[in-house]
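Taking it in order: structure first as C-alpha cells, then the write-up.
Readers should treat all values here as calculations from the given coordinates under stated rules, not as data from a laboratory. Values in this document were obtained by computation on a predicted structure and should not be read as measured data. Note that each Cβ is placed from the backbone with ideal geometry, even for glycine, and that neighbours are counted across all protein chains shown.
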Amino acid sequence: MADTGTLFLDEIGDLPLALQPKLLRVLQEQEFERLGSGRTHHINVRLVAATHRDVDDMVARNDFRSDLYYRLNVFPVLVPPLRERREDIRQLVCISLKFSRHKGKHIEQISQATMNAFISYEWPGNVRELQNLIERAVIRSDNGVLPNPLPTTAGEYNTLGCLTRYTAGPRSSSDFRDDTGCQNNDRRASRSCCQARS
C-alpha cells in the first residue's frame with residue numbers, strides 16, 4: 001500500500017534486533033516477501049523514521065544495528081522536546097482541539113490562565129501528552145470553555161501517575177492579553193484560532 005509513497009515508522013528505536021536485518025533488506029534491496037508467501041514484491045517508498053531514543057548510544061551498546069542506523073540516517077531532523085519550544089504550544093493546542101471535535105463538544109474559549117499553564121508546564125510526555133490532556137479536557141468541558149487539565153501545584157502527580165515539575169503562572173506577562181477564541185472551523189482560521197483577542 002505504501003508503494004510509490006511515504007512510509008512512516010514511529011519509534012524505530014524499539015524495533016527488536018531480530019527484525020532489524022529484515023527492514024535493512026527492504027531498504028537496500030527494495031523488495032520483500034509476505035509472511036507465508038514465496039512471491040517477491042518490489043517496492044519504491046520514501047521512509048521516514050522517528051524515535052525518542054538515543055540511537056547513537058544504542059549502536060555503541062550493540063542494541064541497534066549500525067548498518068541499519070546509517071541506512072536510515074540519511075537526512076536527520078532533530079526536534080527538540082516541547083519544553084524547549086514553548087512558542088509552538090499555542091498552535092499545537094489549536095490543532096489538538098481541531099482533532100478532538102469528534103467528541104461532540106465545541107470549545108469556544110480557552111482562558112488566559114489555562115493557556116499560560118500550558119506554556120509553563122514541562123511536558124515530560126511531549127506532544128502526545130499535550131494531545132491526550134487536551135482530549136481529556138474536551139471530554140470534561142460542559143460550557144464551551146476548555147478546563148485546565150494540568151496539576152495545580154508543584155510536584156503534584158497528574159492522573160497518569162507522572163511526577164511533574166509544574167510551576168504555576170505565565171512565563172511571560174506579554175504572552176496573552178485576553179481569553180482566546182477557538183470557535184472557527186475553517187482551515188485558515190485554525191492557524192490563528194489561539195491568538196489573543198484584542
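Spatial offset of the range 9-65 relative to the range 78-125 amounts to 33 Å, using the alpha carbon center of each.
Once the Cα-Cα distance is subtracted from the 0.36 nm per residue extended length, the GLN28 to ARG61 segment shows a gain of 9.5 nm. Going from the fewest other Cβ atoms within 10 Å to the most, the residues ILE43, ILE134 appear in the order ILE43, ILE134.
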